[in-house]
Amino acid sequence: MVRRIVRSRVADHPAADDLVQETLLRVLGAMGRVEPGMLEPYAIVTARHVIASMWKDQDRHRRNQHRMADLRLPDAPDADLLLGEDRAAVAQALQHLSDRERDTLLAHELHGQDTRSLADELGSTAGAVAAQLNRTRARLRVEYLLAVERTEPFSDRCRPVLIALSSGDRRRQRDVDAGRHLLECELCARLSQPLLGRGQQHDDEVRIPIRADADVVLARQGVRELAARAGFSPTDLTIIATAVSEISRNIVRFATAGEIVVELLEEPRPGVRIVARDTGPGIPDVEQALTDGFSTYRGLGLGLPGARRLMDEFAVVSEVDRGTTVTMTKWRQEGSP
Amino acid sequence: MNTGPALVSILRQGSYLIASIHTALDDSQLMRLQKDLVDQIGRHRSRGVIIDVAALDVLDSFGSRTLRDIAEMARLRGALTVIVGIQPDVAFAMVSLGMGTGSVHAALDLEEGLEYLDRQVRARQPGSSVVVPR
Ligand SMILES: [Zn+2]
């Protein structure tokens, strides 16, 4: 029915599906982004509807309760936009939360109860409740996506990685080595797209997948643009881009997949950190690769000695048959703007 | 022909070839340039080659090595190569990296590159395939 409403506006079927999907993600996204009381009315209506129908499905004998549908605003024809399967996915995702997590989330998002009053009820602090709500939303998004995909995580590492991505917690992402997992796990790589696409991409970080020669140029351009914003001199920008070129080539030549992640640093002083990781064969002897005569050397680890010369800090972690991670940092020269 | 703007143009001027790189190139594009230049040197019996790299964003180990290889292949086919337009920042990074264009001659710009070729090629026997020692 709703699909028909959407489709009547968008002639073709896939576009309609995209719209429905996008609407749902927008609702879930808004749950993580918007302050209490500022949720778009649309999102509230949609969420209420989800809860109402869930209630109806789960508790059929409590007939009067399903009049929660009355909560729907009369002037919101799109309230039905969530399709049956999406509703089921949200319901399934909610099942993965503990009772306390679910109750707190619903009290906050649906009934507008603020974190302070929730904290009073729970014998906690407003800050702790807010943090818990963020974790709950992060988990909800992950569980929703797993439910939509009708899949279980491929390994024990999947959930922690996806939740770290969903919460946008970069320290946690590093702790669970999320970047490497995304290279290795096809499921998480796919699920990370909507998680990263919902406005959590930090504007002080860029991520460039490296698969082919052309990506090396994109990586050079990407790092140059970001580092320019940190106030690096044109000379340093070229030096950094050259180092990125060297290590990206290593990925293209020897690994099936890899990426360059560039991050601006503030502490202890302005700088740029570049992480290059791949799922290549790994370098059996990193020391050797770093000391070999690099102008003629064309084997595994090619480009490492050159890149090390150009950067201030340089570290290689490599595991045979698993891949290599190069982390390198350039600090902005004192006296630069 | 390629669709889209040309990445590199190779123009013939008398017995010289002038290759102008218009944008950042990746490795396969650099290899393509190498092949095209060596082909054209043979076809036109060129005596000199100028490669204008001013638009290159970086000259890393691969880029530097490719320029050296081009110069060496050109030399074996009787042509001299000059690299022009290496930007100061690029030059600095090349030195920091520990790379250079080695024995390949570099000149500031196209004009100086042409002057260099004129001087060197005039010193050769016309029509001779003997390579002038550096
Ligand atoms: Zn996974």
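The values are calculated or read from the model by the stated rules, or taken from the named source; none is laboratory data. Predicted model, so just to flag it, every value in this text is computed and none were measured. For neighbour counting, all protein chains shown are included, and Cβ atoms are generated from backbone atoms with ideal geometry for every residue, glycine included. When the accessible area is computed, the model is the full protein with side chains, heavy atoms only, and any ligands, DNA or RNA have been set aside. Shrake-Rupley method; radii C 1.70, N 1.55, O 1.52, S 1.80 Å.
For the range A:130-154, filtered to residues that are of a type in the set (A, V, I, L, M), over 14 Å from A:Ala91 (Cα atoms) and out of contact with any Asp or Glu (no Cβ under 9 Å at 6 or more places or on another chain), the residue that is nearest to the ligand (Cβ to nearest atom) is A:Ala131. Residues in the range B:88-104 that are open to solvent by 20 Å² or more (accessible area, probe 1.4 Å) and within 8 Å of another protein chain (Cβ to nearest Cβ): B:Pro88, B:Asp89, B:Phe92, B:Ser96, B:Gly98. In this structure, is B:His22 in contact with a strand residue (DSSP E or B) (Cβ under 7 Å, 6 or more places away or on another chain) and closer than 24 Å to A:Val217 by Cβ? Here the answer is yes, as B:His22 does meet what is asked.
Residue pairs whose Cβ atoms lie under 8 Å apart, sitting 6 or more positions apart in sequence or on different chains, and linking a residue in the range A:235-262 that is at the interface with chain B (Cβ under 7 Å from one of its Cβ atoms) and at pLDDT below 90 to a partner that is part of a helix (DSSP H, G or I) and open to solvent by less than 10 Å² (accessible area, probe 1.4 Å), do not occur here.
Restrict the check to the range B:11-30 and report whether at least one residue is of a type in the set (D, E, K, R), loosely packed, with under 15 Cβ neighbours inside 10 Å and at positive phi. Checked the range B:11-30: no residue is of a type in the set (D, E, K, R), loosely packed, with under 15 Cβ neighbours inside 10 Å and at positive phi.
Residues of the range A:155-195 that are part of a loop (DSSP other than H, G, I, E, B) and either out of contact with any Pro (no Cβ under 8 Å at 6 or more places or on another chain) or within 8 Å of the ligand (Cβ to nearest atom) (or both): A:Ser155, A:Asp156, A:Arg157, A:Gly168, A:Asp169, A:Asp177, A:Cys185. If you go through the range A:152-200 and keep only what is of a type in the set (A, V, I, L, M, F, W, C), under 15 Å from A:Ala138 (Cβ atoms) and open to solvent by less than 20 Å² (accessible area, probe 1.4 Å), you end up with A:Cys158, A:Val161, A:Leu162, A:Ala164, A:Leu165, A:Ala178, A:Cys188, A:Leu191, A:Leu195. For the range A:208-230, enumerate the residues that are among the charged types (D, E, K, R) and part of a helix (DSSP H, G or I). Correct list: A:Asp213, A:Asp215, A:Arg220, A:Arg224, A:Glu225, A:Arg229. Which pairs turn up if I take residues in the range A:301-328 that are within 14 Å of another protein chain (Cβ to nearest Cβ) and look for partners that are open to solvent by 80 Å² or more (accessible area, probe 1.4 Å) with beta carbon separation below 6 Å, at least 6 apart in sequence or on another chain? Qualifying pairs under 6 Å: A:Phe314/A:Arg308.
Considering A:Pro270, A:Pro284, A:Pro234, A:Pro209, the condition of being closer than 20 Å to B:Leu97 by Cα and either out of contact with any strand residue (DSSP E or B) (no Cβ under 8 Å at 6 or more places or on another chain) or assigned by TED's automatic domain parsing to the domain that holds A:Thr327 (or both) is satisfied by A:Pro234 alone.
Here A:Glu205 meets the list (1) away from chain B (no Cβ under 11 Å); (2) over 27 Å from A:Ser318 (Cα atoms) almost entirely, failing just condition (2). Exactly one residue among A:Arg135, A:Arg116, A:Arg141, A:Arg102 is open to solvent by 40 Å² or more (accessible area, probe 1.4 Å) and under 20 Å from A:Leu195 (Cα atoms), and that residue is A:Arg135. With respect to the conditions (1) of a type in the set (Asp, Glu); (2) free of Cβ contacts under 8 Å to residues at least 12 places away in the same chain; (3) away from the ligand (no atom under 11 Å from the Cβ); (4) in contact with a helix residue (DSSP H, G or I) (Cβ under 8 Å, 6 or more places away or on another chain), A:Asp204 lacks only one, and its number is (2).
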